[in-house]
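Reading through the structure tokens given below for one structure.
Only the coordinates and a few stated rules stand behind these numbers; no lab work does. None of the values given here were measured: they were computed from a predicted structure. A quick note on method: Cβ atoms are made from the backbone with ideal geometry, for glycine too, and the neighbour counts reach across all protein chains shown.
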Amino acid sequence: MSVAAAADEWFALRARAEQLVAEANAALAGRTPPLDLVDEAGRGELAFVVRHGAGSVRVAMRRYRRRGWVDVDAEPGRDPAIEDLINDMLTPGRNGHDNG
């Protein structure tokens, strides 16, 4: 896709992730460690990482010349919505914590 289209997709995912992290942290306050959202830049890409315990989701936008693409680091063969990835991280017993 074009670099502009890839940047638009990445931005939409970043904004949605920020909203989900804020909502999850408000709902789970005091019951589990908070989710973190960290931006990365450099190495020819824009990226953000959502972390919770030992789990993480990384979304990166890369470009080469006039082409761009968005990669979501998830389990091999799985490309769910960012909502599903964050919900998976919050599942009790995963990532070295218990939400109970």
Query raised in the report: How would you rank 46-53, 81-88, 62-69, highest first, on the average number of other Cβ atoms within 10 Å across their residues?
Result: 46-53, 81-88, 62-69
Report summary line: Expressed in nanometres to one decimal, the distance between label points 7 Å along Cα→Cβ at V72 and F11 is 2.0 nm
